[in-house]
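So the structure is just underneath, and the comments pick up after that.
The values are calculated or read from the model by the stated rules, or taken from the named source; none is laboratory data. Quick caveat: nothing in here was measured; it's all calculated off a predicted structure. As a convention, Cβ positions derive from the backbone with ideal geometry for all residues, glycine included, and neighbour counts pool all protein chains shown.
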Amino acid sequence: MTDGRFYEDFHVGDLVESPPHTVTAADIQQFAGARLTITGKRLSHKDPSRGIRTRRLEVVNQRGETVQSGDMPLLVRTRQA
């Protein structure tokens, strides 16, 4: 989920929220939305045309309670690429 942006466009602390949506009974009943926060970023040591952006994903239920969270690194190209 890079939104077409480059590595330099992301800043630690950025928050990306998905809109809430209705799910069916067959879906996970507690799911209501997700929040992505940029928690870190650094340039790749092996390839200067790439940066590593770390994201923290929080899945929230309909009461706004976090029901799942995790950190995910993502390789993103830089403007130099």
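Residues that are among the charged types (D, E, K, R) and either in a strand (DSSP E or B) or modelled with pLDDT under 75 (or both) were ranked within segment 1-25; the one that is surrounded by the most Cβ atoms within 10 Å (Cβ to Cβ) is Glu17.
Within segment 26-73, being of a type in the set (Gly, Ala, Ser), over 18 Å from Gly13 (Cβ atoms) and modelled with pLDDT under 90 holds for Ala26, Ala32, Gly33, Gly64. Counting only strands (runs of 3 or more DSSP E) that sit wholly inside segment 29-81, those with at least 1 residues that are closer than 17 Å to Phe6 by Cβ, touching a Pro at 6+ places or on another chain (Cβ under 8 Å) and not β-branched (Val, Ile, Thr) are 50-60.
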